[in-house]
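Take a look at the structure set out below.
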DNA sequence: GCCAACGTTGGC
DNA sequence: GCCAACGTTGGC
């Protein structure tokens, strides 16, 4: 089992939005970055853990957790002319963009601001700290456990 | 294949 | 609103 960090702008799609979906399962679509796509395609598996991270907002940080509940599959939005994620150049017989379904797990007892992550020695190697921009990132087991401790203590 | 110009992300 | 750190595009 592997762990990942998914970024979302809470105004667009929040952890509460995921929770409110049918069976608390939502489609993680709209990934239009090859690095993130490759991670989905080559590494993300059903049952993996997901840190739900809020970016580009007033309070940015880890809000809670979710679980990957599907295998990767073609993102339907790339073929939807109405969608801002439509990609007319994506070949229908070999879709360029993938997505997965995730299911709500928990909302942190303590919201973990990025500042707190940056201050924590055990989390200094997180991709989040080293390379800010990637929207889907690997998280090590140790990092996951440290985050869970911060999320649930106190 | 290079690289300049442009676009995006996302913390500050 | 700014801008650093990327990623993408397109002319050559």
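Check segment A:91-100 and report whether any residue there is within 16 Å of DNA strand B (Cβ to nearest atom), assigned to a strand (DSSP E or B), closer than 22 Å to residue A:11 by Cα and in contact with a strand residue (DSSP E or B) (Cβ under 8 Å, 6 or more places away or on another chain). Yes, that holds for at least one residue. Residues that are touching a residue at least 60 places away in the same chain (Cβ under 8 Å), closer than 19 Å to residue A:127 by Cα and outside any loop (DSSP other than H, G, I, E, B) within segment A:15-49 comprise A:35, A:36, A:37, A:39, A:40, A:49, listed in sequence order. Note on segment A:85-102: residues that are touching a helix residue (DSSP H, G or I) at 6+ places or on another chain (Cβ under 8 Å) and exposed (fewer than 14 other Cβ atoms within 10 Å of the Cβ) amount to 2. Residue A:82 meets all of the listed conditions (1) more than 16 Å from DNA strand C (Cβ to nearest atom); (2) at positive phi; (3) without any contact (Cβ under 8 Å) to a residue 60 or more places away in the chain but one, namely (2).
Residues of segment A:58-79 that are in contact (Cβ under 8 Å) with a residue 40 or more places away in the chain and in contact with a strand residue (DSSP E or B) (Cβ under 6 Å, 6 or more places away or on another chain): A:60, A:61, A:62, A:63, A:64, A:65, A:66, A:68, A:69, A:75. Set side by side, the residues A:10, A:88 differ, and just one is within 16 Å of DNA strand C (Cβ to nearest atom), in contact (Cβ under 8 Å) with a residue 40 or more places away in the chain and either under 22 Å from residue A:131 (Cα atoms) or in a loop (DSSP other than H, G, I, E, B) (or both), which is A:10. Scanning segment A:116-154 for residues that are assigned to a helix (DSSP H, G or I) and either away from DNA strand C (no atom under 16 Å from the Cβ) or out of contact with any strand residue (DSSP E or B) (no Cβ under 8 Å at 6 or more places or on another chain) (or both) yields a count of 21.
On inspection, residue A:58 fails the criterion of being surrounded by fewer than 13 Cβ atoms within 10 Å (Cβ to Cβ), within 15 Å of DNA strand C (Cβ to nearest atom) and assigned to a helix (DSSP H, G or I).
For the residues A:81, A:76, the requirement of being over 25 Å from residue A:147 (Cβ atoms) and surrounded by 12 or more Cβ atoms within 10 Å (Cβ to Cβ) singles out A:76.
For segment A:29-42, the count of residues that are away from DNA strand C (no atom under 16 Å from the Cβ) and over 25 Å from residue A:146 (Cα atoms) is nonzero.
Values in this text are rule-based calculations from the coordinates and carry no lab data. Owing to the predicted nature of the structure, the values given are computational and were not obtained by experimental measurement. Quick reminder, even Gly has a Cβ in these numbers, built from the backbone with ideal geometry, and neighbours come from all protein chains shown.
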